[in-house]
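The values are calculated or read from the model by the stated rules, or taken from the named source; none is laboratory data. Here the structure is a predicted model, which is why all the values come from computation and not from measurement. Glycine gets a Cβ as well: all are built from the backbone with ideal geometry, and neighbour counts include every protein chain shown. Surface accessibility is based on the protein's heavy atoms, side chains included, excluding ligands, DNA and RNA. Shrake-Rupley method; radii C 1.70, N 1.55, O 1.52, S 1.80 Å.
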Amino acid sequence: MRKALRGFLSLAVLIGTVSATGASAGAATAAEPTAFRNTAGSDSGTSTDIKDRILAIPGMSLIEEKPYAGYRYFVLGYTQPIDHRHPSKGTFQQRITLLHKDTSRPTVFYTSGYNVSTNPSRSEPTRIVDGNQVSLEYRFFTPSRPAPADWSKLDIWQAASDQHRVFTALKRIYSKNWLTTGGSKGGMTATYFERFYPKDMDGVVAYVAPNDVVNKEDSAYDRFFDNVGTKECRDKLNGVQREALVRREPLEKKYQEYAAANGYTFQTTGSLDRAYEAVVMDYVWAYWQYSLLSDCDTIPADARNAPDQAIWDSIDSISGFSAYTDQGLETYTPYYYQAGTQLGSPSITQPWLGKLSRYGYQPPRNFVPRSIPMKFQPSVMRDVDSWVKHHAHHMLYVYGQNDPWGAERFRLGAGARDSYVMTVAGGNHGSNVAGLADDDKAKATAAILRWAGVAPAAVQDDPAKAKPLAAFDARLDKRDVRNERGLRP
């Protein structure tokens, strides 16, 4: 699981925009009177300010409000039980953001499965339905972490129960249809929420969601890497990765200097050597997760004769040498913990490396401090996979053809109803509905509108006419591509 996994979660789903007049319009919004007018961004049907209604919810507190044209945007804290089975055993504060448009519009419940951004943004489904958006920080990602942290309370049921409780509280205000969405680990999170609380949401839009049903059986990934892209591109990538291990001694000396200059340490992995190899072993995976086949001309063509700096630069730009330092791992401890206890994690053989690897594809246990106990639960993902096959209702999965994480994906069975799995041709871990072929894009968009209860009559008659209801906004709908790497979904 490395840095590659997480950066694209937000890329696929977070989409934002602002018009040329956004700054002045935002100032005007901030100056509006407390009682809303019945216009865009208003709270139709009541004269009570939406902020007051939200803060009247027990346990809800305001951290910050930021102006944005046509919306109200709140960063909130919400008191959650550490253990939903035993609420009396303590609470913690979980961060939420709310992009409020109007209570007469549908609401999209978004999570990345990681930290929440505190800047206004729209997921793709939010733009499609022109709705409100509630975004939730996943439990145990700081600052949404209990103190002291009982790591046994970090599991998919507890996290789904966080969402259920937030939904239950806000549904009283936002009474129209709700959809849940997320990309990568966020898509997994949306699926688990639906599995445990199938009556809450009216639809699920899960992007590039991995589904590691049997953790010890990962041959699907090996088959993927045997065939992805073109042989020419695969050979270039394999050559650079191999050279990085052949030249371990001079490049690790450079890594030592890099770590010293940046104050990086390696207590969690146990050594600089282990961290170095983990970064290198991620290289091919990370390339296909983040890049396109058309980017292959940026890879050194003759790795054996390339200078050390060219090999270093290519590995660093794609895998990132900070990923397996203590400082790079710290933020993602909750992810690696879950990967090693419930979610599962991929392992690939990479036969082109021969016997150059000393440690193989290292397991999540190597990236979590030893003071935190971990025990894998093999039945958890089998349960979710079976539930999706037999009970999926109003669920859409979107994958990228060239995304490694899609090698083990969710599939629908005979029990699924009004649900779809679609693939973006040549797509990576940033694949979304907009990237689908025209017929699939229209079908997916029409389904999202229908589930949200806002499909225009023309779309109900002819799904081919389906389009997003909100105009593109360059700031709200921008792709948020983060610089962190590491094999993380």
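Where only protein heavy atoms count, and the probe is 1.4 Å, what is the accessible area per residue for region 123-202 in Å²? Kindly include the intermediate steps, with their values, before the conclusion.
On the way: 2210 Å² over 80 residues.
Averaged over the residues of region 123-202, the accessible area is 28 Å².
Given a 1.4 angstrom probe, what's the average accessible area per residue across region 354-484, in square angstrom? Walk me through the intermediate numbers first.
Working: 6530 Å² over 131 residues.
Per-residue accessible area for region 354-484 comes out at 50 Å².
With a ≥ b ≥ c the root eigenvalues of the C-alpha gyration tensor of region 298-448, is it rounded (a/c under 1.5), prolate (a/b larger than b/c) or oblate?
Numbers: a/c = 2.38, a/b = 1.36, b/c = 1.75.
Here region 298-448 falls in the oblate category.
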**Asked** Once you list every other residue whose beta carbon is under 14 Å from the beta carbon of ARG304, what net charge do they have if Lys and Arg are +1 and Asp and Glu are -1?
**Response** -1
**Correct option for P(r) over Cα pairs in 20 Å bins from 0, in percent [calculated from the coordinates] among (i) 22, 50, 20, 5, 2, 0; (ii) 21, 47, 24, 7, 1, 0; (iii) 24, 55, 21, 1** = (iii)
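Could you compute the FRET efficiency for TYR258 and ALA220, with r as their C-beta to C-beta distance and R0 at 35 Å, rounded to 0.05? Can you show the working numbers first?
On the way: r = 35 Å, r/R0 = 0.99.
E(calc), rounded to 0.05, equals 0.50.
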**Asked** Roughly speaking, what is the stretch gain from THR118 to TYR359, that is 0.36 nm per residue apart minus the C-alpha to C-alpha distance, in nm to one decimal?
**Response** 82.9 nm
**Request:** Pairs of Cα atoms under 8 Å, at least six residues apart: use those to get the relative contact order of region 68-224, whole percent.
**Result:** 22
**Request:** Report, to the nearest whole %, how much of the accessible area of the chain belongs to carbon and sulfur atoms, 1.4 Å probe, protein only.
**Result:** 50
**Complete:** Per principal axis, largest first, the Cα atoms of region 286-382 extend in Å by 45, 30, 29
**Message:** As an exercise, use a Förster radius of 30 Å and the Cβ-Cβ distance of ALA425 and GLN377 to find the FRET efficiency, rounded to the nearest 0.05.
**Reply:** 0.25
**Request:** For region 331-489, compute the number of Lys pairs whose alpha carbons are separated by less than 23 Å, excluding pairs fewer than 8 positions apart on the same chain.
**Result:** 8
**Request:** Treating cross-link reach as a plain straight distance, find the aspartates and glutamates whose alpha-carbon is under 20 Å from the alpha-carbon of LYS199, omitting any fewer than eight places away in the same chain.
**Result:** ASP162, ASP383, ASP385, ASP418
**Request:** List the aspartates and glutamates whose Cα lies under 19 Å from the Cα of LYS51, skipping any in the same chain that are fewer than 8 positions away.
**Result:** GLU32, ASP43, GLU64, GLU65, ASP102
**Reachable aspartates and glutamates from LYS89, criterion Cα separation under 14 angstrom, eight or more residues apart if same chain** = ASP150
**Complete:** Honestly region 404-489 on the Cα gyration tensor test (a ≥ b ≥ c root eigenvalues; a/c under 1.5 rounded, otherwise a/b vs b/c for prolate or oblate) is just oblate
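What's the extension gain from ASP52 to ASP313 if we count 0.36 nm per residue and subtract their Cα-Cα distance?
On the way: separation 261, 0.36 × 261 = 93.96 nm, distance 5.18 nm.
My answer for the length gained is 88.8 nm.
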